[in-house]
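Q: Here you go, one structure.
The values are calculated or read from the model by the stated rules, or taken from the named source; none is laboratory data. Predicted model only: the values in this text are computed from it and were never measured. So basically every Cβ, Gly included, is an ideal-geometry build from the backbone, and we count neighbours across all protein chains shown.
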Amino acid sequence: MCYKAKKMKFIADFHIHSHYSLATSSELTPEHLAHKANVKGIKVIGSGDFTHPKWTAELKEKLIPAEEGLFKLKEEYKLPTTAFDSQETRFLLTAEISNIYKKHDKVRKIHSVIFAPDFEVATKIQNELQKQKFNITSDGRPILGLDVKKMLEMFLDISDRILFVPAHIWTPWFSILGDKSGFNSVEECFEDMSKYIYAVETGLSSDPPMNWLCSFLDKYNLLSNSDAHSPDKLGRNANIFDTTLSYSSIINAIKTGNPTEFIGTINFFPEEGKYHYDGHRKCNICFNPLETIRHNEKCPVCGKKLTVGVMSRVAEISDRINPIERKNRLEFYSLIPLKEILSEISGKSETTKEVTQVYNSLVVKAGSEFNILLNMSIEEIKNLGNEKLTEAIKRMRNREVFIKEGFDGEFGAVKVFGKDEKNAGVKNMLFAETNFETTLTPRNLISFDLEEYHKLKLTFKKEPEKDIIIEKTKFHSQVNEEQEASIGHLEGALLIVAGPGTGKTRTLAFRIANLIEKGVSPENILAITFTNKASLEIKKRIKSIVLEDKMPDVATFHGFGFSILKEYSTKLDRTKDFVIIDDKDKKNILKKIGVKENQVNLIIDGISKVKQNLKEPSDLKDSEAEKIFNIYENILEKENCFDLDDLIYQTVKLFIKFNEILTLYQEKYKWIMIDEYQDINYSQYQLIRMLMPDANPNLCVIGDPNQAIYGFRGADVKFINKFIYDYPASKVYQLKKS
Ligand SMILES: [Zn+2]
Ligand SMILES: [Zn+2]
């Protein structure tokens, strides 16, 4: 019998991450992913992170083979669901890799998504990377110091069935066409290997029409994925196919872009992105690319260079005025996530119980989120009994939406209802019958005069990016080249990777001395260490080099917190002579409250964890423990005490409650240095983020991810690994043995 698999229409989202990637949700497990994909109405999802051995082990344990190259969840792992497809979600093996390397004298940071046909190929890729001594176990999205073109060659040698897709191609810092560390074309990056690139990913920062403006992208099909870091974000971008369910058919559809098989993409509005337009947040200036070029990329209020966003980058290398000049266009649908719509209608945040309840009940009736957003007729949606939702979806599908573009780090907003439509956002109006009158016209694909932009561009000279120039320092003869560079680097974030015996303390002291030498006032400098010993040593060294009377503040994290609490003790209902209690005092207090001997250490641990993670007593799942915690806190207050964790915990709370105090410290410390950065915990990390909120602050951290010693204090090496993502403009120096 000749059996031919049937074609079906389905939605797929390939670029996601697992709980092994940095800064991702712990719920990124196969069972939660399958469940959430099901609720959203996504049939095929990428596994994400197949380069991580532990993740592939988990996938192998929880999945079984389905159609060719696809997998599904084992019956026993399925979570209860109300969606219609009862978790017949398919998994397809994908991974994202970050390549950082130098080409033509410029540092390149490129992300790519790789599709693998089976576990065998995934394992071969893992083995090859490990053979070449790359670290693939500390991050689900590994960073490789390898030319991405060479990596493509290497992977194709392993299997010619892999698909290689440049990821989110317009993000400024981590993509092939990105403004900061990318290229001006696919060919410049992949050279003769470009012929193996069939598709590129739009990412969240661009939609298909933006890409259609560049004729050099015509030969690549446009794929759209969510890059989800939590199950809730699945399907923010996605693809629609009409093929048989199998790896080969899907890959073939992506490669050919045949519109009867690769139907199109689902894209949420890129205008919401933090860097869509250009501008200067402090001066409240937001410009489209044309306005920016008219102002010579300068802020008209303060004269500083504007932060230039993604749309400007697209305009800069575009060669079309009208996006629909591209012939091989696929369908694309601009959607707003259902929870965002419900949140706008109810005036409640997306995470509230109220919105979640309405969302869940709608999914029960409609089968999935995408059924509502995309498939059901307006008449059918009306039958769900929600008049406002019906109107919202009608407007969204017609692109009749209000948009405020994001710029210079500030998120944009897309709204369905105008400010003066009073019935939107009123409590309990969700099911009320109302009449709507919309005066909006559908939004254009491109909303500024690109023709005028192209004319002006001919005469506009872009100021070249200033490379950091590091001058010779006074300490030139006493240090090696890498030490010298980290000492001489004056402004902007830097990470100094330094193991034991590399002259770390000396480098830090010289760096502070050099800042003072270059005119930075010592009062504006703060250096934080982990031990008093390190603190004293740095102070001693600075004293021996610097002639000034004034010294910068050098303290341990605890000492720093202590000095702030001392200054503002009354704001936290203590007097200036508050006492810091130790573990013995803690035990005594808990025993007095009536905690059993064998429970004391457990409770101490629990309290400490809550404080180090900036949580509240109510976050403890156990109501008895919560009660003890609250009594304990009351006693500390009554006795005019803090515990050791409070030195950071209460300082952060103080800053949150009294913004003006935080501002004082932000204005004082313009340069901050942190020693042993691999040892910081979450509360310390947040404290630093609060003190230095800018995108590229004068923050210098020193550490060695392989040397974390403060594990028992909740230290987390992920923060040092995350540094280059927190501060994408940062420079990294590696100190070698001196
Ligand atoms: Zn990425
Ligand atoms: Zn300005």
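Q: Please go through segment 604-632 and give me each residue that is among the aliphatic types (A, V, I, L, M) and at pLDDT 90 or above, ordered by number.
A: Those that are among the aliphatic types (A, V, I, L, M) and at pLDDT 90 or above: Ile604, Ile607, Val610, Leu614, Ile628, Ile631.
Q: Of the residues Ala37, Ala5, only one is of a type outside the set (S, T, N, Q), closer than 25 Å to Ile254 by Cα and surrounded by fewer than 24 Cβ atoms within 10 Å (Cβ to Cβ); which?
A: Ala5
Q: May I ask you to verify whether Tyr665 is assigned by TED's automatic domain parsing to the domain that holds Lys504 and surrounded by 19 or more Cβ atoms within 10 Å (Cβ to Cβ)?
A: When the stated conditions are applied, Tyr665 does not pass them.
Q: Ok, one more. For Leu614, are the conditions met, namely being among the hydrophobic types (A, V, I, L, M, F, W, C), under 24 Å from Ile581 (Cβ atoms) and crowded, with 17+ Cβ neighbours inside 10 Å?
A: Yes.
Q: Something else about it: Would you call Glu481 farther than 23 Å from Gln684 by Cα and surrounded by fewer than 18 Cβ atoms within 10 Å (Cβ to Cβ)?
A: So Glu481 passes the test.
Q: Could I ask something else about it? Does any residue in segment 78-89 that is modelled with pLDDT under 65 come within less than 8 Å, Cβ to Cβ, of a residue that is surrounded by fewer than 17 Cβ atoms within 10 Å (Cβ to Cβ) and among the acidic types (Asp, Glu) six or more places away or on a different chain, and which pairs are these?
A: Sorted first by the residue in segment 78-89, then by its partner, the list stays empty.
Q: Just need a number here: residues in segment 27-40 that are part of a loop (DSSP other than H, G, I, E, B) and acidic (Asp, Glu).
A: Looking only at that region, the number is 1.
Q: Have a look at Thr663, Thr651 and point out the one that is in a helix (DSSP H, G or I), modelled with pLDDT under 95 and over 24 Å from the mean Cα position of the chain (by Cα).
A: Thr663
Q: Quick check: is even one residue across segment 5-13 closer than 30 Å to Phe134 by Cβ and at pLDDT 95 or above?
A: Yes, segment 5-13 contains a residue that is closer than 30 Å to Phe134 by Cβ and at pLDDT 95 or above.
Q: Can you name the condition, by its number, that Asn435 falls short on among (1) surrounded by fewer than 14 Cβ atoms within 10 Å (Cβ to Cβ); (2) modelled with pLDDT of 75 or more; (3) part of a loop (DSSP other than H, G, I, E, B)?
A: (2)
To keep it simple, each residue is scored yes or no on (1) in a helix (DSSP H, G or I); (2) modelled with pLDDT under 95.
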position	(1), (2)
Ile136	no, yes
Arg141	no, yes
Leu146	no, yes
Leu152	yes, no
Arg161	no, no
Val165	no, no
Ile169	no, no
Asp179	no, yes
Gly182	no, yes
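Q: Ile528 is checked against (1) modelled with pLDDT of 95 or more; (2) part of a helix (DSSP H, G or I) and fails just one. What number does that condition carry?
A: Condition (2) is where Ile528 drops out.
Q: Within segment 300-313, count every residue that is of a type outside the set (Val, Ile, Thr), buried (at least 20 other Cβ atoms within 10 Å of the Cβ) and within 13 Å of ligand 2 (Cβ to nearest atom).
A: Looking only at that region, the number is 1.
Q: With respect to Ile603, determine if the residue is under 30 Å from Tyr665 (Cα atoms) and crowded, with 17+ Cβ neighbours inside 10 Å.
A: No; evaluated as a whole, the condition is false for this residue.
Q: Assess whether Thr265 counts as being in a strand (DSSP E or B), within 23 Å of Ser215 (Cα to Cα) and at pLDDT 95 or above.
A: Spelling it out, Thr265 is indeed in a strand (DSSP E or B), within 23 Å of Ser215 (Cα to Cα) and at pLDDT 95 or above.
Q: Among the residues of segment 235-255, write down those that are more than 11 Å from Ala12 (Cβ to Cβ), touching a Ser or Thr at 6+ places or on another chain (Cβ under 9 Å) and in a loop (DSSP other than H, G, I, E, B).
A: Arg236
Q: A further question on this structure: So how many residues does segment 100-114 have that are touching a residue at least 24 places away in the same chain (Cβ under 8 Å) and either more than 15 Å from ligand 1 (Cβ to nearest atom) or over 24 Å from the mean Cα position of the chain (by Cα) (or both)?
A: Total satisfying the criteria: 4.
Q: Out of Asn296, Asn328, Asn284, report the one residue that is surrounded by fewer than 18 Cβ atoms within 10 Å (Cβ to Cβ), more than 16 Å from ligand 1 (Cβ to nearest atom), on the phi > 0 side of the Ramachandran plot and more than 27 Å from the chain's Cα centre (by Cα).
A: Going through Asn296, Asn328, Asn284 in turn, just one is surrounded by fewer than 18 Cβ atoms within 10 Å (Cβ to Cβ), more than 16 Å from ligand 1 (Cβ to nearest atom), on the phi > 0 side of the Ramachandran plot and more than 27 Å from the chain's Cα centre (by Cα): Asn296.
Q: Within segment 261-277, does at least one residue satisfy the condition of being assigned by TED's automatic domain parsing to the domain that holds Thr202, under 25 Å from Gly203 (Cβ atoms), surrounded by fewer than 16 Cβ atoms within 10 Å (Cβ to Cβ) and away from ligand 1 (no atom under 16 Å from the Cβ)?
A: No: zero hits.
Q: Let me ask another. Looking at (1) buried (at least 19 other Cβ atoms within 10 Å of the Cβ); (2) modelled with pLDDT under 90, find the lone condition where Asp549 falls short.
A: (1)
Q: Condition test on Lys282, is it over 30 Å from Ile42 (Cβ atoms) and modelled with pLDDT under 95?
A: So Lys282 passes the test.
Q: Another question, if that's okay. Within segment 203-246, work out how many residues are in contact with a strand residue (DSSP E or B) (Cβ under 7 Å, 6 or more places away or on another chain) and either outside the structural domain of Ala5 (by TED's automatic domain parsing) or of a type in the set (Gly, Ala, Ser) (or both).
A: Total satisfying the criteria: 5.
Q: Now a separate question. For Thr24, which of the numbered conditions (1) within 16 Å of ligand 1 (Cβ to nearest atom); (2) out of contact with any Ser or Thr (no Cβ under 6 Å at 6 or more places or on another chain); (3) in a strand (DSSP E or B) fails to hold?
A: The failed condition is (3).
Q: Consider segment 678-693. How many of its residues are assigned to a helix (DSSP H, G or I) and of a type in the set (Val, Ile, Thr)?
A: Total satisfying the criteria: 1.
Q: Here is a follow-up. Could you say which residue among Leu152, Leu92, Leu177, Leu163 is within 16 Å of ligand 1 (Cβ to nearest atom) and buried (at least 16 other Cβ atoms within 10 Å of the Cβ)?
A: Exactly one of Leu152, Leu92, Leu177, Leu163 is within 16 Å of ligand 1 (Cβ to nearest atom) and buried (at least 16 other Cβ atoms within 10 Å of the Cβ), namely Leu177.
Q: Now for a separate question. As an exercise: evaluate Ser544 against (1) in a helix (DSSP H, G or I); (2) not assigned by TED's automatic domain parsing to the domain that holds Ser521 and give the number of the one condition it does not meet.
A: Going through the list (1) in a helix (DSSP H, G or I); (2) not assigned by TED's automatic domain parsing to the domain that holds Ser521, Ser544 breaks only (2).
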